[in-house]
Amino acid sequence: MGAGEDRISALPDELLQAILVELRSARAAARTSVLSRRWRHVWAHLPEFILDDHDTTRRPLPGAVDAALAAFSTTAAPLELLHIHIRFLLHGSRRWVQASRAAPWLRFASEHVVGELRLFVPLPDVDGKEEELELPACPRAKTIILSLPGSWRLRPQLPGLFVALTSLQIGYVRMEASELTDLVSKHCPVLRDLFVVRNTRRLEVIAPRLEKLFVYRPTHEARISCPKLAELVWNGGAYDPSHHKLEDVGRHLQLLEIEQSSGAASLMRQFVEVDKLKLHISIPRGTRRYKRLLNETNQLPKCRTLCISLLWHNHGISPAMLHLLRSCNSTRKVSVNLIDSRGRLLAHYSCPLSCPCRSVKSARIDDIALSVLEEVELDNFTSSNDELEFLEKLSRCNATLLKKLVINSAYYPTTPLTKAICEKVHSMWRPNVNVEFYVFLGGRRVRFD
C-alpha cells in the first residue's frame with residue numbers, strides 16, 4: 001500500500017465495528033461517518049448502542065436518541081445492547097423527559113434488542129403529573145433494566161411474551177400490582193432474576209424458574225412463590241410475616257442479604273441453611289432498641305460465610321460482634337465491614353450502666369464455639385481501641401481451625417496503620433495464624449509489611 005493510503009478503511013466491517021464498540025458511545029461512533037464514504041454507515045450496524053448524555057454540550061440527548069434510533073431503524077441489525085441514560089435537565093430547563101418521548105425508544109427496543117436493554121430516565125425533584133408508558137413485548141431481549149420516574153405508570157402490553165427474558169429490573173416507576181404479577185408470572189417463562197424497587201403496593205410473584213429476587217423498599221403486601229429461589233435480597237424496609245408471604249421457596253439459599261430491621265428474625269427463620277448470609281446492622285442508641293437488635297439476631301441460620309456490615313457508633317464493637325459469633329458454629333469465613341460514624345455525630349453516645357452491652361454476659365467468650373472457622377476479614381480498620389479490643393477477644397475464642405486473618409485499613413483512617421499496631425495484633429494470635437495487613441495507596445490495595 002502507498003504511504004498515503006487509508007489502511008484502516010480497508011479493514012472488513014466486522015473489525016471496524018469492533019473498533020467503534022470500544023468507544024462506548026453511539027454519538028462518538030456516528031461522528032466517524034464524516035471520515036469517508038466507507039465509514040458512513042458502519043456505525044449504524046454496531047451490535048451495541050450506548051446513548052449517554054454525560055458528554056452532551058450542544059444538543060439535548062432525547063433529540064440525539066431519536067435521530068440515532070431513526071438512522072439505525074433503516075437496518076435490520078440486531079442489538080446485543082441498547083443503553084439509554086438521560087442524566088441532566090434539558091438545557092437547564094425545569095422540564096423532564098415525558099413518558100410519550102420515551103415510548104418510541106421502547107418500541108424500537110422491542111424490534112431490535114436481542115440481548116440487554118437499559119433505560120435510565122432521571123427522577124424529578126417533585127412529583128409530576130402521572131403519565132403512562134407502555135412496555136411492548138420484547139420477545140428476544142434477555143435482560144431489561146428500567147429506572148424511570150415515580151410519576152410514570154408502566155403498563156405492559158399484554159398479551160405479549162418475553163420468551164427469552166431471564167433478568168428483569170424495574171425501579172421507581174409505578175405499576176398496577178395485577179399487571180406486575182401477570183407480567184412476571186405468566187409472560188416471562190424463563191425469568192431467573194427479578195429486581196423490584198418501590199413501584200407497587202402489592203407484589204405477587206409466582207415464577208417457577210426464578211432464582212434471584214431483589215426487593216428494595218418492600219411493598220405493603222407480598223406473596224412470593226419461587227421453588228428454585230437461590231438468592232434473596234430484602235433491603236430498605238421491614239419484613240412483616242403477616243403481610244409478606246414466602247411460599248414454596250425452599251429452606252436453603254445460596255445468598256440471603258437483609259438489613260437489621262423489624263422482622264429480620266422472622267425472615268431468617270424461613271431458612272435453615274444459607275451459603276452466604278449478609279447482614280447490614282446499625283447498632284441503635286438506647287437500651288430498649290439495643291435489646292430489640294439482640295432479639296432480632298439471636299439465632300442466625302446455618303451459614304458457611306457470614307458477611308456483616310456494622311455501623312457501630314453506639315455500644316462499641318465487641319458486645320454486638322460476640323453476640324453474632326455465638327451463632328457461627330458452622331461458619332467457615334466471617335467478613336466484617338466496620339463503619340464508625342462517630343466523627344459525624346455532634347456528641348458521642350454513652351449508654352447507661354444497665355445496658356446489656358455492659359453486662360458480664362456480653363463479654364463472655366467461653367460460650368462461643370467457632371469450630372470450623374478458617375478465615376476472618378476486617379474492612380475499614382482504623383486502629384481504634386474498640387477494634388483492637390474486639391481482635392483481642394476474638395483471638396481467645398475457641399477457633400482451632402482458624403488459619404488466616406486479613407485486615408484492610410480504611411481509605412482515610414483516623415489513625416494510620418503503623419508497624420507498632422501490626423506487631424500488637426500479631427502478638428494476640430497463635431503463630432500458625434497468618435495475619436495479613438493491607439492499605440490503600442493511590443486507590444490500589446497493597447500489602448503492608
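Tabulated data
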| quantity | calculated |
| --- | --- |
| Residue count, the range 187-202 (criterion: modelled with pLDDT under 90 and either over 19 Å from residue 232 (Cβ atoms) or open to solvent by 30 Å² or more (accessible area, probe 1.4 Å) (or both)) | 3 |
| Among (1) open to solvent by less than 10 Å² (accessible area, probe 1.4 Å); (2) more than 30 Å from residue 109 (Cα to Cα), the one test that residue 259 misses | (1) |
| Hey, residue 307 open to solvent by 20 Å² or more (accessible area, probe 1.4 Å), hydrophobic (A, V, I, L, M, F, W, C), modelled with pLDDT of 90 or more and closer than 28 Å to residue 394 by Cα or not | yes |
| Matching residues in the range 409-437 - criterion: being modelled with pLDDT of 95 or more and in a strand (DSSP E or B) | 434, 435, 436, 437 |
| Residue satisfying all of: in the range 206-222; closer than 18 Å to residue 145 by Cα and at pLDDT 85 or above; surrounded by the most Cβ atoms within 10 Å (Cβ to Cβ) among these | 210 |
| Some residue of the range 101-113 being in a strand (DSSP E or B) and more than 25 Å from residue 71 (Cα to Cα) | no |
| In the range 226-250, residue farthest from residue 276 (Cα to Cα) [restricted to those that are outside any loop (DSSP other than H, G, I, E, B) and open to solvent by less than 40 Å² (accessible area, probe 1.4 Å)] | 244 |
| Wholly within the range 183-225, strands (runs of 3 or more DSSP E) carrying at least 2 residues that are within 15 Å of residue 166 (Cβ to Cβ) | 193-197, 212-216 |
| Any hit, the range 272-294, residues being touching a His at 6+ places or on another chain (Cβ under 8 Å), part of a loop (DSSP other than H, G, I, E, B) and open to solvent by 10 Å² or more (accessible area, probe 1.4 Å) | yes |
| Residue match in the range 133-144 (condition: charged (D, E, K, R), in a loop (DSSP other than H, G, I, E, B) and within 21 Å of the chain's Cα centre (by Cα)) | yes |
| Failed item in (1) loosely packed, with under 12 Cβ neighbours inside 10 Å; (2) charged (D, E, K, R); (3) free of Cβ contacts under 8 Å to residues at least 40 places away in the same chain; (4) under 30 Å from residue 294 (Cα atoms), with residue 444 passing the rest | (4) |
| Residue list for the range 195-220, filter: of a type outside the set (A, V, I, L, M, F, W, C) and touching a helix residue (DSSP H, G or I) at 6+ places or on another chain (Cβ under 6 Å) | 200, 202, 204 |
| Residues of the range 204-213 that turn out to be closer than 19 Å to residue 171 by Cβ and over 20 Å from the mean Cα position of the chain (by Cα), as a count | 3 |
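The values are calculated or read from the model by the stated rules, or taken from the named source; none is laboratory data. Small disclaimer: the values here were computed from a predicted structure and weren't measured. Here Cβ is always computed from backbone atoms with ideal geometry, including for glycine, and neighbour counts include all displayed protein chains. To get the accessible areas, we keep the full protein, side chains included, count just its heavy atoms, and leave off ligands, DNA and RNA. Shrake-Rupley method; radii C 1.70, N 1.55, O 1.52, S 1.80 Å.
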